[in-house]
Amino acid sequence: MTTPEGPVRLGILGGTFDPIHLGHLRAAEEIRERFELAQVLFVPAARPPHKEAGHLIDPTHRLRMTELATNENDAFAVSTIEIDTPGPSYSIDTLGALQAELGPQSDLYFIIGADAFMEIHTWKGVDGLLQATNFVVMSRPGSPVQELFHVLEKTVTSRWPHLTFTFGLDESCGVETLQAAPSQKVIYLVPIVHLDISSTDIRQRVRSGRSIRYLVPAPVEEYIRRQALYKES
Ligand code: ATP
Ligand code: MG
């Protein structure tokens, strides 16, 4: 994807989205704004290798809810790339496929919560992934940004001493830093507003008959009710 002005910045937000909630949407919106992304692509996982598949509801439902939630935002889109691919979804494969699909001029930003990023050393092909794409690591409730920064710096540089990373924090992280070093992949640690919402909590609420209003977009709430999702553990 190119424009006369150059590469197009695109965000990729993967997840199980079981279900998608306002925490995901607000995070995507903040990152879109901060990095001036043309689009954020939500990529529901079919069978993430690091989660027990037994807990996941059918991909069709998770995809539909992701579509319902992102519909009204022109800068949000949904990719079925992982759901359409048989077998477990590995980020490195998804990234390669998306790069092929979107073209070499697309500048991709892999958006991920700090909790998920801490597990990244267990991912398949992580070295390649860290070299192939920028990362935007979002703070999550319970992880102050300063603390996260030091943990990340230590974890990443000690694990991958042969890779060079630029760490951006607060004001120093953003589009300026990116344009100053166009050939280098960057891990941005970005403080975002903390909406302490998780899919796990939402599933528990539904199971025990409690309200999930204002935790998920209204069409998603309605879909869960109509399809009678998350009634059983
Ligand atoms: P679960 O409770 O089932 O693990 P989840 O709420 O963590 O679900 P995922 O689909 O696992 O949702 O998350 C996808 C991505 O969004 C991950 O990178 C995760 O860190 C991030 N994320 C999830 N919830 C929030 C939130 N409230 N604020 C910011 N980022 C979030
Ligand atoms: Mg999670």
Length released on extending from residue 154 to residue 118, taking residue separation times 0.36 nm less the Cα-Cα span | 11.8 nm
What is the set of long-range amide H partners of residue 39 at a cut-off below 5 Å, with H atoms built 1.01 Å from backbone N?
-> 11
Report the net charge of residues surrounding residue 109, where surrounding means a beta-carbon distance below 12 angstrom and charges are Lys +1, Arg +1, Asp -1, Glu -1.
-> +2
Could you give me the ³J(HN,Hα) list for segment 60-69, computed from phi with Karplus coefficients 6.51, -1.76, 1.60 and θ = phi - 60°, whole Hz, x at Gly and Pro?
-> 4, 5, 5, 5, 4, 5, 5, 5, 4, 6
How far is it, in nm, from the label point at residue 77 to the one at residue 29 when both lie 7 Å from their Cα along the line to the Cβ?
-> 2.1
Among the GluC sites (Glu not before Pro) in segment 55-92, which ones are in a DSSP loop with at most 16 other Cβ atoms within 10 Å of the Cβ? Mind listing them?
-> 72
Once you list every other residue whose beta carbon is under 14 Å from the beta carbon of residue 24, what net charge do they have if Lys and Arg are +1 and Asp and Glu are -1?
-> -3
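How high is the FRET efficiency from residue 218 to residue 146, r the C-beta distance, R0 25 Å, rounded to 0.05? Present the calculation step by step, with values, prior to reporting the outcome.
On the way: r = 37 Å, r/R0 = 1.46.
Once the sixth-power term is evaluated, E becomes 0.10.
For residue 73, what is the net charge nearby, where nearby means another residue's Cβ is under 11 Å from its Cβ and Lys, Arg count +1, Asp, Glu -1? Numbers along the way, then the final one.
On the way: positive: 32; negative: 29, 72, 74.
Computed value for this residue: -2.
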Which far-off residues, 5 or more places away or on another chain, put their amide H under 5 Å from the one on residue 78, with H placed in the peptide plane?
-> 42
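Every number in this text was worked out from the coordinates using simple rules, so none of it is lab data. Predicted model, so just to flag it, every value in this text is computed and none were measured. Every residue, glycine as well, gets a Cβ built from its backbone with ideal geometry; the counts of neighbours run over all protein chains shown.
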